[in-house]
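Enquirer: Pasting a structure here, questions to come.
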Amino acid sequence: MKVAVQQEDLQLLAKTLQEQLLVKVSTAEVFEVKCAVNKDELMILTQHTLDVVVEAQLIFAVIKEVLQSLAPHKEQRVQCFLRVFGEQLPYAKCFLVLKQTGGWEDGEAGEAGGAGEAISDLSSSSPSSALTYFPSVDESEEELFDRFADVPNLSVSKPAFRIKPILVGAALVGIVVLGGGAYFLTRPCVMSKCKEIQNAEQLKTKSPQLMRHAKSEKELVAIQQQLAAASAALNTIPSWSPHYQVSEELKASLSGRSEQINQVVKALQTASLATQKVQTPAYSLEELQARQHLWRQAIAPLETISPKSELYALAQGKLLNYRVRLQAVNQQIFTEEKWLKKLTAAKAVANAAENREATAKSLNEWQKVQSTWLVVVNALNTIPQTSPGYQQAQKLLIEYKPKLVAARDRTTKERFAVKTYQQAVSTANQAKVYQQQNQWQAAATYWDQALQTAKQISQDSLYYTQAQSLIEPYSAALKQAQEKLQVVNSLQQTRTDLDKTCINRIRICTFSIDNTRIIVRLTPEYDQLRQNNLANPYSENSDTAVDVTNHLQILREALAVISDNANLSLFLYDSQGQVIYTRTLGG
């Protein structure tokens, strides 16, 4: 960009000089002017055709007049050359020094390479102007004139109009030169004092102290702005200025310090952002990791600050605080990762609980389901409210707690079913014992209890089917026991009736009972009494005899009734074993 501006300015100056020469030097129809810069000196080459004879003094005077009209603000060295088209070297040259006061020092004007006449004097209208001779530059003229090789050629034809050349020339000087060439020679630090350099040097001297005493981001930014302003001012110094090299060095120095400040400022700004975020609780591990990243971003550039840097003390002070903050965030992340691992583990255990629940087929398996859900709920309940995982844990608890309750209820139901089933079986076993002991009353009672207990097992229980398999045999056993009990009760009644019948002041008979019959035997005493009555029916005790005979008839009838009630056959024998009376079922 600087090179482009320089070339543009040089071309504008060359065009201005060329037009002035074409106007003021009437002996030449063609002139070409080129401008270049060599080691901060302005070089002006004027060329014409071989057939034109020009006065070198006049040419240099026109150039001097144009340059003098630019009102310079500092000293500027100028080399002027006059050359014929096609030649390598000029035949005349002139050295001028443009003074800060606005005047000129005229240098040597003479032959170059033995061609043409030497100029013995250049006069100036300025009081401060004087003729001075300067030695030629050390660089060979061939190399010197290579500077013009890349300068583009301008139109060299004299303008078609020659009306009032003095007015035209004045207009060109007033408009073109002051509007264009003056810009080239009056650029900062070209022909005037360089305040930009002075300001930059002053800032370079005092900025280290300012940086050492800075305590905040605001103060650093203020210093950085001063450095930026000084660097921006140095950017206006063109490359052909004698102060250009110094300005570049100053810019590099100021830029280095600005970069150091920028490094610290960015760290402070990042830390400020991290501090703001810490004011609100983090709701996810990602938020904590983002804060961790911010603190690391704030710490990393400060750790690179050299102990020799003016910002080292400030950086070290901030680093201590930032590292403590980073450690706090690291601890939060460690704790949160622990809770998130617990949350993840709880989800995995919940999946296991659901799988067990889907396949549970026993009380033991349902107990495992319940205990698994209990582990899940207890784990989620331990996640604290301050943890970013707390909200998710609460959502999962809303989902998992009902499953724990359902598993607990189902386990309770299955436990009751198992207990009931085992109780039914145990009661039935006891009923069998009583049954084997022919204790039909107890057997019937226990069979009934076993049956009712088996019926208590719920339909949705895993033991329902097993319980149902008990109902039929238990019902049959109960029925059998009840029937046996009925028989026993009937026999007992029969015995009671027989006891009453066989005793009437004396033992009349004895009896035995089995499952099919009743056997009654008359006692010898009763038989003897009956025989005596038959042998002597008309004895003094004839009434007794009649009573005995009638009593036997009554006994038979009573035994017949007992036989009917017991539904058993009846066999009546005398004391000698002779059958007295029989009665079969249905007869």
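The values are calculated or read from the model by the stated rules, or taken from the named source; none is laboratory data. Every value quoted in this text rests on a predicted model; they were computed, and no experiment measured them. Note that we place each Cβ from the backbone using ideal geometry, even for glycine, and neighbour counts take in every protein chain shown.
Enquirer: So how many residues does segment 347-404 have that are in a helix (DSSP H, G or I) and under 30 Å from residue 463 (Cα atoms)?
Expert: 32
Enquirer: Cβ-Cβ below 7 Å, separation at least six or inter-chain, first residue in segment 445-462 and closer than 20 Å to residue 407 by Cβ, second in a helix (DSSP H, G or I) and of a type in the set (Val, Ile, Thr): which pairs?
Expert: These pairs meet every condition: 457/420.
Enquirer: Here's something else I'd like to know. Could you say whether any residue in segment 431-440 is among the aliphatic types (A, V, I, L, M), assigned to a helix (DSSP H, G or I) and under 17 Å from residue 349 (Cβ atoms)?
Expert: There is no residue in segment 431-440 that is among the aliphatic types (A, V, I, L, M), assigned to a helix (DSSP H, G or I) and under 17 Å from residue 349 (Cβ atoms).
Enquirer: Kindly list the number of the only condition in (1) over 60 Å from the mean Cα position of the chain (by Cα); (2) assigned to a loop (DSSP other than H, G, I, E, B) that fails for residue 452.
Expert: (2)
Enquirer: Evaluate segment 236-244: report whether one residue or more is exposed (fewer than 15 other Cβ atoms within 10 Å of the Cβ), more than 18 Å from residue 328 (Cβ to Cβ) and modelled with pLDDT under 90.
Expert: Checking segment 236-244: at least one residue is exposed (fewer than 15 other Cβ atoms within 10 Å of the Cβ), more than 18 Å from residue 328 (Cβ to Cβ) and modelled with pLDDT under 90.
Enquirer: Is it the case that residue 329 is free of Cβ contacts under 8 Å to residues at least 60 places away in the same chain, within 23 Å of residue 394 (Cβ to Cβ) and part of a helix (DSSP H, G or I)?
Expert: no
Enquirer: Next question. Check off (1) at pLDDT 85 or above; (2) assigned to a strand (DSSP E or B); (3) among the aliphatic types (A, V, I, L, M) for residue 109 and give me the number that stays unchecked.
Expert: Every condition holds for residue 109 apart from (1).
Enquirer: Run down 309, 241, 258 and say which single residue is in contact (Cβ under 8 Å) with a residue 40 or more places away in the chain, under 23 Å from residue 209 (Cβ atoms) and in contact with a helix residue (DSSP H, G or I) (Cβ under 9 Å, 6 or more places away or on another chain). Talk me through it step by step, then tell me what you get.
Expert: On the way: 241 fails: under 23 Å from residue 209 (Cβ atoms); 258 fails: in contact (Cβ under 8 Å) with a residue 40 or more places away in the chain.
Exactly one residue qualifies, and that residue is 309.
Enquirer: Right, next: Given the conditions (1) modelled with pLDDT under 90; (2) more than 30 Å from residue 384 (Cβ to Cβ); (3) of a type outside the set (A, V, I, L, M), and given that residue 301 satisfies all but one, which numbered condition is not satisfied?
Expert: Evaluating residue 301 over (1) modelled with pLDDT under 90; (2) more than 30 Å from residue 384 (Cβ to Cβ); (3) of a type outside the set (A, V, I, L, M) leaves (1) as the failure.
Yes/no matrix, rows are residues, columns are (1) at pLDDT below 85; (2) more than 30 Å from residue 431 (Cα to Cα); (3) surrounded by fewer than 13 Cβ atoms within 10 Å (Cβ to Cβ); (4) small (Gly, Ala, Ser):
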residue: 457; (1), (2), (3), (4): no, no, no, no
residue: 519; (1), (2), (3), (4): no, yes, no, no
residue: 530; (1), (2), (3), (4): yes, yes, no, no
residue: 539; (1), (2), (3), (4): yes, yes, yes, yes
residue: 542; (1), (2), (3), (4): yes, yes, yes, yes
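Enquirer: A further question on this structure: Residues in segment 277-304 that are exposed (fewer than 15 other Cβ atoms within 10 Å of the Cβ) and not in a helix (DSSP H, G or I): how many?
Expert: So the answer is 6.
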